[in-house]
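Novice: Let me give you the structure first, and then I'll get to my questions.
The values are calculated or read from the model by the stated rules, or taken from the named source; none is laboratory data. These numbers come from a predicted model, not from an experiment. Don't worry about glycine lacking a Cβ; one is built from the backbone with ideal geometry, like all the others, and counts go over all protein chains shown. Remember, those area values only see protein heavy atoms, side chains included, never the ligands or the DNA or RNA. Shrake-Rupley method; radii C 1.70, N 1.55, O 1.52, S 1.80 Å.
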Amino acid sequence: MKKLIWMLLMASLCSNLSAQIQLEGRFDLDNPQNQLWDGRYLVYNFYKDVIIYDTQTETQYKEIGQSLPDMSFKEGLYFRRVDGKYEMRRVGDPNPVLPQRFLRITNWFGNTVLAWEQTAPNLEGMRAYWYELDKGVIATYSLAQLYQAVDYDGTYTHDAMSIFQSKPWESFIYFFHDGLITLKHPTKGTFSYFDLKLNPAFPGKFRKADPFFENLAAVQNANGLWGFIDKSGKEVIPFIYVKRPWPFHSGLARVESKEGYVGFINTQGELVIPAKYAFASNFHQGFSIARKFGYPTSFVVIDTLGNEIPFPCSCEMDFRQYLKQNYGDYYSLNPVFDYVESGYLVVTRKSQSAVFGKEGNQILPFKYAFITDARKGKAIAIEWGELGSYKNLRFFLMDLETQSPAIELSYTEF
(Lines give C-alpha, C1' and ligand atoms only; values in the text may rest on other atoms or scores of the structure.)
Protein backbone atom coordinates (compact mmCIF):
# COMPACT_ATOMS: atom_id res chain seq x y z
CA MET A 1 0.00 0.00 0.00
CA LYS A 2 2.81 2.39 0.89
CA LYS A 3 4.50 1.55 -2.40
CA LEU A 4 1.32 2.36 -4.33
CA ILE A 5 0.90 5.71 -2.54
CA TRP A 6 4.55 6.52 -3.25
CA MET A 7 4.13 5.71 -6.95
CA LEU A 8 0.99 7.87 -7.21
CA LEU A 9 2.76 10.73 -5.47
CA MET A 10 5.74 10.51 -7.82
CA ALA A 11 3.44 10.38 -10.83
CA SER A 12 1.64 13.48 -9.59
CA LEU A 13 4.92 15.31 -9.11
CA CYS A 14 6.21 14.30 -12.53
CA SER A 15 3.08 15.53 -14.28
CA ASN A 16 3.57 18.98 -12.74
CA LEU A 17 7.29 19.35 -13.32
CA SER A 18 8.30 22.80 -14.50
CA ALA A 19 10.92 23.61 -17.07
CA GLN A 20 14.30 24.96 -16.02
CA ILE A 21 13.84 27.91 -18.36
CA GLN A 22 10.86 30.13 -17.55
CA LEU A 23 9.79 32.88 -19.96
CA GLU A 24 6.99 35.41 -19.79
CA GLY A 25 4.27 34.90 -22.36
CA ARG A 26 1.83 32.43 -23.79
CA PHE A 27 1.04 30.63 -27.02
CA ASP A 28 -2.08 31.32 -29.07
CA LEU A 29 -4.40 28.31 -29.29
CA ASP A 30 -6.82 29.92 -31.74
CA ASN A 31 -4.21 31.32 -34.14
CA PRO A 32 -1.40 28.80 -34.74
CA GLN A 33 0.45 31.24 -37.00
CA ASN A 34 1.19 33.43 -33.96
CA GLN A 35 4.04 31.20 -32.80
CA LEU A 36 6.77 29.07 -34.31
CA TRP A 37 9.72 26.88 -33.39
CA ASP A 38 12.31 26.33 -36.12
CA GLY A 39 14.87 24.27 -34.21
CA ARG A 40 16.73 27.25 -32.78
CA TYR A 41 14.37 30.19 -32.34
CA LEU A 42 11.17 30.13 -30.31
CA VAL A 43 9.03 33.02 -31.55
CA TYR A 44 5.58 34.07 -30.36
CA ASN A 45 3.17 36.98 -30.10
CA PHE A 46 2.58 38.27 -26.59
CA TYR A 47 0.12 41.11 -26.23
CA LYS A 48 1.23 43.60 -28.92
CA ASP A 49 4.83 42.46 -29.12
CA VAL A 50 6.80 39.60 -30.65
CA ILE A 51 9.18 37.70 -28.41
CA ILE A 52 12.18 35.91 -29.96
CA TYR A 53 14.11 33.49 -27.77
CA ASP A 54 17.41 32.17 -29.12
CA THR A 55 17.88 28.76 -27.50
CA GLN A 56 21.48 28.59 -28.73
CA THR A 57 22.62 31.72 -26.90
CA GLU A 58 19.79 31.69 -24.30
CA THR A 59 19.02 35.30 -25.20
CA GLN A 60 15.58 36.88 -25.43
CA TYR A 61 14.66 39.72 -27.77
CA LYS A 62 11.47 41.79 -27.85
CA GLU A 63 10.11 43.46 -30.98
CA ILE A 64 7.63 46.02 -29.70
CA GLY A 65 4.42 46.60 -31.61
CA GLN A 66 5.06 43.85 -34.17
CA SER A 67 2.94 40.95 -35.42
CA LEU A 68 4.55 37.59 -36.16
CA PRO A 69 2.43 36.77 -39.27
CA ASP A 70 3.57 40.08 -40.81
CA MET A 71 7.26 39.55 -40.08
CA SER A 72 7.94 36.65 -42.48
CA PHE A 73 10.34 35.12 -39.95
CA LYS A 74 12.75 32.54 -41.39
CA GLU A 75 16.05 31.25 -40.00
CA GLY A 76 16.69 34.35 -37.92
CA LEU A 77 15.70 36.81 -40.64
CA TYR A 78 12.52 38.86 -40.36
CA PHE A 79 10.89 42.12 -41.39
CA ARG A 80 10.27 44.78 -38.75
CA ARG A 81 7.69 47.46 -39.39
CA VAL A 82 9.02 50.97 -38.72
CA ASP A 83 6.96 54.09 -39.46
CA GLY A 84 4.73 52.20 -41.87
CA LYS A 85 7.56 50.49 -43.78
CA TYR A 86 9.50 47.24 -43.33
CA GLU A 87 13.17 46.76 -42.52
CA MET A 88 14.87 43.39 -42.94
CA ARG A 89 16.53 42.40 -39.69
CA ARG A 90 18.57 39.53 -38.31
CA VAL A 91 18.06 38.38 -34.73
CA GLY A 92 20.54 40.08 -32.42
CA ASP A 93 21.87 42.53 -35.02
CA PRO A 94 20.97 46.19 -34.34
CA ASN A 95 21.56 47.13 -37.98
CA PRO A 96 19.20 46.31 -40.86
CA VAL A 97 20.33 43.58 -43.26
CA LEU A 98 19.38 45.77 -46.25
CA PRO A 99 19.48 49.57 -46.40
CA GLN A 100 16.07 49.81 -48.07
CA ARG A 101 12.76 50.29 -46.31
CA PHE A 102 10.02 48.35 -48.03
CA LEU A 103 6.42 49.28 -48.67
CA ARG A 104 5.20 45.70 -49.03
CA ILE A 105 6.66 42.24 -48.47
CA THR A 106 5.57 38.72 -49.30
CA ASN A 107 5.92 35.51 -47.38
CA TRP A 108 8.88 33.31 -48.20
CA PHE A 109 8.46 31.14 -51.26
CA GLY A 110 10.94 28.42 -50.41
CA ASN A 111 14.15 30.34 -49.80
CA THR A 112 13.11 33.49 -51.66
CA VAL A 113 11.14 36.53 -50.56
CA LEU A 114 9.99 39.53 -52.60
CA ALA A 115 9.90 43.06 -51.19
CA TRP A 116 8.74 46.31 -52.82
CA GLU A 117 10.46 49.65 -52.27
CA GLN A 118 9.16 53.04 -53.37
CA THR A 119 11.90 55.55 -54.22
CA ALA A 120 9.70 57.92 -56.26
CA PRO A 121 5.94 58.35 -56.87
CA ASN A 122 5.98 56.70 -60.30
CA LEU A 123 6.39 53.31 -61.98
CA GLU A 124 10.16 53.69 -62.21
CA GLY A 125 10.28 54.40 -58.48
CA MET A 126 8.44 51.20 -57.49
CA ARG A 127 11.21 48.60 -57.23
CA ALA A 128 10.95 44.87 -56.62
CA TYR A 129 13.74 43.04 -54.75
CA TRP A 130 14.10 39.27 -54.85
CA TYR A 131 16.10 38.16 -51.80
CA GLU A 132 17.41 34.61 -51.34
CA LEU A 133 18.73 32.99 -48.16
CA ASP A 134 22.54 32.78 -48.05
CA LYS A 135 22.78 34.80 -51.29
CA GLY A 136 21.21 38.17 -50.57
CA VAL A 137 19.54 40.25 -53.29
CA ILE A 138 19.52 38.18 -56.48
CA ALA A 139 17.50 40.59 -58.65
CA THR A 140 15.87 44.00 -58.55
CA TYR A 141 13.63 45.67 -61.13
CA SER A 142 11.33 48.64 -61.36
CA LEU A 143 7.64 48.15 -61.99
CA ALA A 144 8.17 49.81 -65.36
CA GLN A 145 10.76 47.15 -66.30
CA LEU A 146 8.39 44.36 -65.26
CA TYR A 147 5.61 45.87 -67.39
CA GLN A 148 7.98 46.03 -70.34
CA ALA A 149 9.05 42.40 -69.84
CA VAL A 150 5.47 41.10 -70.05
CA ASP A 151 4.75 43.41 -73.01
CA TYR A 152 2.18 45.50 -71.18
CA ASP A 153 1.44 48.69 -73.09
CA GLY A 154 -1.13 50.15 -70.74
CA THR A 155 -0.54 53.39 -68.89
CA TYR A 156 -0.78 54.41 -65.28
CA THR A 157 -0.71 57.99 -64.13
CA HIS A 158 2.52 58.76 -62.36
CA ASP A 159 1.14 60.29 -59.21
CA ALA A 160 1.60 58.56 -55.87
CA MET A 161 -2.09 58.44 -55.00
CA SER A 162 -3.14 56.53 -58.12
CA ILE A 163 -0.33 54.03 -57.65
CA PHE A 164 -1.32 53.38 -54.04
CA GLN A 165 -5.01 53.05 -54.90
CA SER A 166 -4.54 50.69 -57.86
CA LYS A 167 -1.65 48.71 -56.28
CA PRO A 168 -0.39 47.61 -59.71
CA TRP A 169 2.42 45.50 -58.22
CA GLU A 170 -0.19 43.04 -56.96
CA SER A 171 -0.97 42.08 -60.55
CA PHE A 172 2.27 40.13 -60.70
CA ILE A 173 2.82 36.55 -59.67
CA TYR A 174 6.19 36.86 -58.01
CA PHE A 175 7.27 33.24 -57.69
CA PHE A 176 10.94 32.49 -58.28
CA HIS A 177 12.03 28.86 -58.25
CA ASP A 178 14.42 26.62 -60.18
CA GLY A 179 16.06 29.74 -61.66
CA LEU A 180 12.96 31.24 -63.29
CA ILE A 181 10.49 34.00 -62.38
CA THR A 182 6.80 33.50 -63.14
CA LEU A 183 5.08 36.76 -64.18
CA LYS A 184 1.48 37.58 -65.01
CA HIS A 185 0.26 40.12 -67.55
CA PRO A 186 -1.74 42.76 -65.61
CA THR A 187 -4.75 42.87 -67.93
CA LYS A 188 -4.65 39.80 -70.17
CA GLY A 189 -4.02 37.50 -67.20
CA THR A 190 -1.58 35.34 -69.18
CA PHE A 191 1.60 33.93 -67.62
CA SER A 192 5.18 33.84 -68.89
CA TYR A 193 8.57 32.73 -67.58
CA PHE A 194 11.72 34.84 -67.30
CA ASP A 195 15.29 34.45 -66.07
CA LEU A 196 16.84 36.74 -63.49
CA LYS A 197 17.81 39.21 -66.23
CA LEU A 198 14.15 39.44 -67.31
CA ASN A 199 14.88 37.65 -70.56
CA PRO A 200 12.02 35.37 -71.70
CA ALA A 201 12.93 31.78 -70.84
CA PHE A 202 11.10 30.55 -73.97
CA PRO A 203 8.28 31.77 -76.24
CA GLY A 204 4.74 31.16 -75.14
CA LYS A 205 2.09 32.44 -72.78
CA PHE A 206 -0.24 30.37 -70.66
CA ARG A 207 -3.66 30.84 -69.17
CA LYS A 208 -2.23 29.91 -65.78
CA ALA A 209 1.25 28.77 -64.77
CA ASP A 210 3.00 27.47 -61.68
CA PRO A 211 6.71 27.76 -60.80
CA PHE A 212 9.17 25.10 -61.91
CA PHE A 213 9.93 22.26 -59.52
CA GLU A 214 12.40 19.53 -60.50
CA ASN A 215 12.64 21.21 -63.93
CA LEU A 216 8.93 20.80 -64.71
CA ALA A 217 6.06 23.27 -64.35
CA ALA A 218 2.30 22.76 -64.40
CA VAL A 219 0.59 25.12 -66.86
CA GLN A 220 -2.95 25.57 -68.16
CA ASN A 221 -3.63 25.94 -71.87
CA ALA A 222 -6.28 28.02 -73.65
CA ASN A 223 -8.77 25.12 -73.37
CA GLY A 224 -8.53 25.12 -69.58
CA LEU A 225 -6.61 21.84 -69.33
CA TRP A 226 -3.44 21.33 -67.33
CA GLY A 227 -0.19 19.65 -68.32
CA PHE A 228 3.55 19.99 -67.65
CA ILE A 229 6.30 21.70 -69.64
CA ASP A 230 10.08 21.64 -69.32
CA LYS A 231 12.43 24.64 -69.25
CA SER A 232 12.45 24.89 -73.03
CA GLY A 233 8.68 25.30 -73.03
CA LYS A 234 8.15 21.84 -74.53
CA GLU A 235 5.12 19.83 -73.51
CA VAL A 236 6.34 16.87 -71.47
CA ILE A 237 3.12 15.63 -69.86
CA PRO A 238 -0.04 16.05 -71.98
CA PHE A 239 -2.75 18.59 -71.21
CA ILE A 240 -5.32 16.16 -69.89
CA TYR A 241 -5.97 17.33 -66.33
CA VAL A 242 -9.10 19.29 -65.49
CA LYS A 243 -7.89 20.08 -61.97
CA ARG A 244 -4.55 21.72 -61.35
CA PRO A 245 -1.77 19.21 -60.50
CA TRP A 246 0.61 19.93 -57.66
CA PRO A 247 4.37 20.34 -58.32
CA PHE A 248 6.90 17.55 -58.53
CA HIS A 249 8.71 16.41 -55.40
CA SER A 250 10.72 13.21 -55.13
CA GLY A 251 9.90 12.61 -58.82
CA LEU A 252 6.12 12.53 -58.23
CA ALA A 253 3.31 15.04 -58.63
CA ARG A 254 -0.12 14.88 -57.03
CA VAL A 255 -3.07 14.74 -59.44
CA GLU A 256 -6.79 14.63 -58.81
CA SER A 257 -9.46 12.88 -60.85
CA LYS A 258 -12.77 14.44 -61.87
CA GLU A 259 -14.38 12.48 -59.04
CA GLY A 260 -11.98 13.94 -56.46
CA TYR A 261 -9.72 10.91 -55.99
CA VAL A 262 -6.03 11.71 -55.42
CA GLY A 263 -3.00 9.86 -56.81
CA PHE A 264 0.50 10.55 -58.14
CA ILE A 265 2.16 10.62 -61.58
CA ASN A 266 5.86 10.31 -62.42
CA THR A 267 7.81 12.64 -64.72
CA GLN A 268 6.60 10.65 -67.75
CA GLY A 269 2.99 11.30 -66.80
CA GLU A 270 2.32 7.70 -65.75
CA LEU A 271 -0.07 7.20 -62.84
CA VAL A 272 2.25 5.19 -60.60
CA ILE A 273 0.29 5.61 -57.35
CA PRO A 274 -3.42 4.99 -58.04
CA ALA A 275 -5.93 7.79 -57.51
CA LYS A 276 -7.66 6.30 -54.49
CA TYR A 277 -7.05 8.74 -51.62
CA ALA A 278 -9.29 11.45 -50.19
CA PHE A 279 -6.23 13.64 -49.59
CA ALA A 280 -2.47 13.34 -49.98
CA SER A 281 0.31 15.80 -49.25
CA ASN A 282 3.24 16.63 -51.47
CA PHE A 283 6.14 14.21 -51.11
CA HIS A 284 9.08 15.23 -48.99
CA GLN A 285 12.25 13.21 -49.34
CA GLY A 286 10.32 10.17 -50.50
CA PHE A 287 7.27 10.24 -48.22
CA SER A 288 3.73 11.58 -48.28
CA ILE A 289 0.86 11.38 -45.81
CA ALA A 290 -2.50 10.37 -47.29
CA ARG A 291 -5.99 10.14 -45.89
CA LYS A 292 -8.09 7.18 -46.94
CA PHE A 293 -11.79 7.18 -47.73
CA GLY A 294 -14.23 5.65 -45.28
CA TYR A 295 -15.37 6.06 -41.72
CA PRO A 296 -13.76 6.30 -39.29
CA THR A 297 -11.17 8.25 -41.25
CA SER A 298 -7.64 6.93 -41.24
CA PHE A 299 -4.36 8.00 -42.76
CA VAL A 300 -1.23 6.24 -43.95
CA VAL A 301 2.33 7.19 -44.82
CA ILE A 302 3.15 6.25 -48.42
CA ASP A 303 6.54 5.97 -50.11
CA THR A 304 7.38 6.66 -53.75
CA LEU A 305 6.54 3.06 -54.71
CA GLY A 306 3.05 3.42 -53.27
CA ASN A 307 3.73 1.20 -50.27
CA GLU A 308 1.50 2.10 -47.36
CA ILE A 309 2.66 2.35 -43.77
CA PRO A 310 -0.53 2.20 -41.66
CA PHE A 311 -0.60 4.27 -38.53
CA PRO A 312 -1.48 2.33 -35.36
CA CYS A 313 -3.79 4.95 -33.92
CA SER A 314 -7.46 5.83 -34.30
CA CYS A 315 -6.69 9.49 -34.82
CA GLU A 316 -6.24 12.27 -37.40
CA MET A 317 -3.49 14.62 -38.46
CA ASP A 318 -3.80 18.00 -36.81
CA PHE A 319 -5.01 20.13 -39.72
CA ARG A 320 -4.49 23.33 -37.71
CA GLN A 321 -0.82 22.96 -38.55
CA TYR A 322 -1.61 23.62 -42.20
CA LEU A 323 -2.51 27.18 -41.30
CA LYS A 324 1.16 27.80 -40.55
CA GLN A 325 2.37 26.56 -43.90
CA ASN A 326 2.83 29.26 -46.52
CA TYR A 327 2.18 28.07 -50.06
CA GLY A 328 1.17 24.62 -48.90
CA ASP A 329 0.30 23.64 -52.47
CA TYR A 330 3.97 23.95 -53.41
CA TYR A 331 5.92 22.63 -50.43
CA SER A 332 5.62 19.89 -47.86
CA LEU A 333 3.11 20.46 -45.09
CA ASN A 334 4.30 20.65 -41.50
CA PRO A 335 3.29 17.08 -40.52
CA VAL A 336 5.20 15.56 -43.46
CA PHE A 337 8.26 17.72 -42.89
CA ASP A 338 8.34 16.91 -39.18
CA TYR A 339 7.80 13.20 -39.82
CA VAL A 340 10.68 12.96 -42.29
CA GLU A 341 13.13 15.42 -40.75
CA SER A 342 12.57 14.72 -37.05
CA GLY A 343 10.77 11.38 -36.92
CA TYR A 344 7.69 12.70 -35.12
CA LEU A 345 4.07 12.96 -36.16
CA VAL A 346 1.49 15.15 -34.43
CA VAL A 347 -2.02 13.68 -34.37
CA THR A 348 -5.33 14.63 -32.80
CA ARG A 349 -8.32 12.80 -31.33
CA LYS A 350 -11.42 14.38 -29.81
CA SER A 351 -9.80 17.81 -29.49
CA GLN A 352 -6.70 16.36 -27.88
CA SER A 353 -3.29 16.23 -29.54
CA ALA A 354 -0.44 13.76 -29.07
CA VAL A 355 2.92 12.92 -30.62
CA PHE A 356 3.98 9.56 -32.09
CA GLY A 357 7.32 8.37 -33.38
CA LYS A 358 8.02 6.85 -36.81
CA GLU A 359 7.61 3.35 -35.43
CA GLY A 360 4.16 4.15 -34.09
CA ASN A 361 5.33 4.53 -30.51
CA GLN A 362 3.54 7.18 -28.49
CA ILE A 363 5.83 10.01 -27.33
CA LEU A 364 3.36 12.44 -25.75
CA PRO A 365 -0.11 11.40 -24.54
CA PHE A 366 -3.49 12.76 -25.67
CA LYS A 367 -3.71 15.61 -23.19
CA TYR A 368 -2.63 18.62 -25.25
CA ALA A 369 -4.83 21.22 -26.89
CA PHE A 370 -2.27 21.92 -29.59
CA ILE A 371 1.16 20.62 -30.63
CA THR A 372 3.16 21.89 -33.57
CA ASP A 373 6.64 22.28 -35.06
CA ALA A 374 8.30 19.02 -34.01
CA ARG A 375 11.79 20.16 -34.93
CA LYS A 376 15.13 18.90 -33.62
CA GLY A 377 13.61 16.87 -30.83
CA LYS A 378 11.34 19.59 -29.48
CA ALA A 379 7.82 20.89 -30.16
CA ILE A 380 5.49 23.71 -29.15
CA ALA A 381 2.74 22.34 -26.89
CA ILE A 382 -0.31 23.83 -25.19
CA GLU A 383 -1.60 21.62 -22.39
CA TRP A 384 -5.29 21.59 -21.54
CA GLY A 385 -6.43 23.00 -18.24
CA GLU A 386 -8.72 21.12 -15.91
CA LEU A 387 -11.26 18.90 -17.71
CA GLY A 388 -10.16 20.12 -21.12
CA SER A 389 -11.10 23.76 -20.49
CA TYR A 390 -9.35 26.96 -21.51
CA LYS A 391 -8.72 27.71 -17.84
CA ASN A 392 -5.19 27.14 -16.58
CA LEU A 393 -3.68 26.31 -19.97
CA ARG A 394 0.05 25.61 -19.80
CA PHE A 395 2.50 26.55 -22.53
CA PHE A 396 5.66 24.54 -23.23
CA LEU A 397 8.46 23.91 -25.62
CA MET A 398 8.53 20.16 -24.97
CA ASP A 399 11.64 18.02 -25.19
CA LEU A 400 10.30 14.99 -27.06
CA GLU A 401 13.26 12.80 -26.21
CA THR A 402 12.89 13.21 -22.46
CA GLN A 403 9.12 13.88 -22.66
CA SER A 404 9.57 16.84 -20.34
CA PRO A 405 9.31 20.62 -20.77
CA ALA A 406 12.43 22.42 -21.95
CA ILE A 407 10.87 25.89 -21.74
CA GLU A 408 7.67 27.00 -20.05
CA LEU A 409 5.80 30.23 -20.74
CA SER A 410 3.65 31.83 -18.06
CA TYR A 411 2.05 35.22 -17.51
CA THR A 412 -0.12 37.12 -15.08
CA GLU A 413 -3.35 38.80 -16.10
CA PHE A 414 -4.73 41.73 -14.18
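Novice: Report, by residue number, each residue of the range 253-267 that is part of a strand (DSSP E or B) and either among the acidic types (Asp, Glu) or open to solvent by 30 Å² or more (accessible area, probe 1.4 Å) (or both).
Specialist: Result: 256, single match.
Novice: Consider residue 139 against the criteria (1) open to solvent by 20 Å² or more (accessible area, probe 1.4 Å); (2) assigned to a strand (DSSP E or B); (3) not acidic (Asp, Glu): it satisfies all of them except one. Which criterion is unmet?
Specialist: (1)
Novice: Residue 337 passes all but one of (1) within 25 Å of residue 220 (Cβ to Cβ); (2) hydrophobic (A, V, I, L, M, F, W, C); (3) open to solvent by 40 Å² or more (accessible area, probe 1.4 Å); which number fails?
Specialist: (1)
Novice: Give the residues of the range 372-414 that are over 20 Å from residue 60 (Cβ atoms), out of contact with any Lys or Arg (no Cβ under 7 Å at 6 or more places or on another chain), in contact (Cβ under 8 Å) with a residue 24 or more places away in the chain and open to solvent by 30 Å² or more (accessible area, probe 1.4 Å), sorted by residue number.
Specialist: 388, 390, 393, 401, 403, 404
Novice: A further question follows. Working carefully through the options 196, 271, 180, find the one that is out of contact with any Ser or Thr (no Cβ under 8 Å at 6 or more places or on another chain), surrounded by 15 or more Cβ atoms within 10 Å (Cβ to Cβ) and of a type in the set (A, V, I, L, M).
Specialist: Being out of contact with any Ser or Thr (no Cβ under 8 Å at 6 or more places or on another chain), surrounded by 15 or more Cβ atoms within 10 Å (Cβ to Cβ) and of a type in the set (A, V, I, L, M) holds for just one of 196, 271, 180, which is 180.
Novice: From (1) loosely packed, with under 14 Cβ neighbours inside 10 Å; (2) under 23 Å from residue 42 (Cβ atoms), pick out the condition that doesn't hold for residue 124.
Specialist: Among (1) loosely packed, with under 14 Cβ neighbours inside 10 Å; (2) under 23 Å from residue 42 (Cβ atoms), residue 124 violates only (2).
Novice: Okay, next question. Applying the selection to the range 18-37, what residues are in contact with an Asp or Glu (Cβ under 7 Å, 6 or more places away or on another chain) and either β-branched (Val, Ile, Thr) or open to solvent by less than 50 Å² (accessible area, probe 1.4 Å) (or both)?
Specialist: The initial filter retains those residues of the range 18-37 that are in contact with an Asp or Glu (Cβ under 7 Å, 6 or more places away or on another chain), namely 18-19, 22, 34-37.
Once the filter is applied, which keeps residues that are in contact with an Asp or Glu (Cβ under 7 Å, 6 or more places away or on another chain) and either β-branched (Val, Ile, Thr) or open to solvent by less than 50 Å² (accessible area, probe 1.4 Å) (or both), the range 18-37 yields 19, 34, 35, 36, 37.
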